[in-house]
Structures are given as structure tokens and as C-alpha cells.
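> Below you'll find the structure I mean.
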Amino acid sequence: PDETGEDVTYTLFTESAACSTIRRSASASSSGEALVGECSTNPNVNVITLTGSLFTYYDSNGIQLAASPPVDDIKRIKITFSVRETNPDPRTRSSNAYVTSTLSSSVLLRN
């Protein structure tokens, strides 16, 4: 077991065709907590992956790696996703039913 708290698992969890969430867990025995798009409490928020994959992996030269590379080859991980929510503005909702925000961030690994 990881005693440092550094091993964290992120999962794109599809609850239904209309609702996906990103969940984070520090334990293999836990389904984790919803970070974005908790369908049970806010069914109008949906996580969308733009490329079909939540994560992109890079080596030490900044070259993009395959979808599931060996862990020792990974030096940077980029997460990219969009969150789509029902448009809260009743004045524009008829012409634009949803508001979408795209988020992206990277982390450098020590391994």
C-alpha cells in the first residue's frame, strides 16, 4: 500500500448516456469522490472528453506516448476535458441550451 498518499487514481465514470463524472480515489478499494459532474446531485452537468481519452502521456522529451505506456516511460501527464451544463441564462437558453467549459492541466512526475 502507498503510505505517502501519492498514488491516486482518476477515473472517467459514465453513469448514463447523459452523465459522466471524474472520480478521484487514493485507495483501490474505494470508488472515490466525484471531482466534476456528480450526476446524483447535479444531473445537468456532464463531463465530455474531447479526444476520447481523459489523459495524454508524454516522455522526458515531450513526445506523446501511446494510450497505456509503461509507467517508467511517463514523465508528464496532461488531463483535458470539457464540462457541459444546462445554460443557466433563460434569455439565451432557447438558442444555446448548454454552456461548455474546457479545462486542461499537466503534471510532471518525479519517477
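> Suppose we keep only residues that are hydrophobic (A, V, I, L, M, F, W, C) and surrounded by 10 or more Cβ atoms within 10 Å (Cβ to Cβ) within segment 68-85. Which one would you say is farthest from Thr14 (Cα to Cα)?
Ile74
> Within segment 86-103, track down each residue that is part of a strand (DSSP E or B), open to solvent by 70 Å² or more (accessible area, probe 1.4 Å) and of a type in the set (S, T, N, Q). Walk me through it before giving the result.
Restricting attention to segment 86-103, the residues satisfying the condition of being part of a strand (DSSP E or B) are 86, 98-103.
If we keep only those that are open to solvent by 70 Å² or more (accessible area, probe 1.4 Å) too, we end up with 98, 100, 102-103.
Residues satisfying the conditions are Thr100, Thr102.
> Looking at segment 57-66, which of its residues are open to solvent by less than 80 Å² (accessible area, probe 1.4 Å), assigned to a loop (DSSP other than H, G, I, E, B) and in contact (Cβ under 8 Å) with a residue 12 or more places away in the chain?
Residues of segment 57-66 that are open to solvent by less than 80 Å² (accessible area, probe 1.4 Å), as a first pass: 57-59, 62, 65-66.
With the extra rule that they be assigned to a loop (DSSP other than H, G, I, E, B), the set shrinks to 59, 62, 65-66.
Correct list: Asp59, Gly62.
> Kindly indicate which of Thr21, Thr14 is open to solvent by less than 40 Å² (accessible area, probe 1.4 Å), closer than 27 Å to Tyr98 by Cβ and modelled with pLDDT of 75 or more.
The unique qualifying residue is Thr21.
The values are calculated or read from the model by the stated rules, or taken from the named source; none is laboratory data. Bear in mind that the values here come from a model prediction, so they are computed numbers and not experimental data. Neighbour counts are summed over all protein chains in view; Cβ atoms, including those assigned to glycine, are modelled from backbone coordinates with ideal geometry. Please note that ligands, DNA and RNA were not included when accessible areas were found on the heavy atoms of the full protein model with its side chains. Shrake-Rupley method; radii C 1.70, N 1.55, O 1.52, S 1.80 Å.
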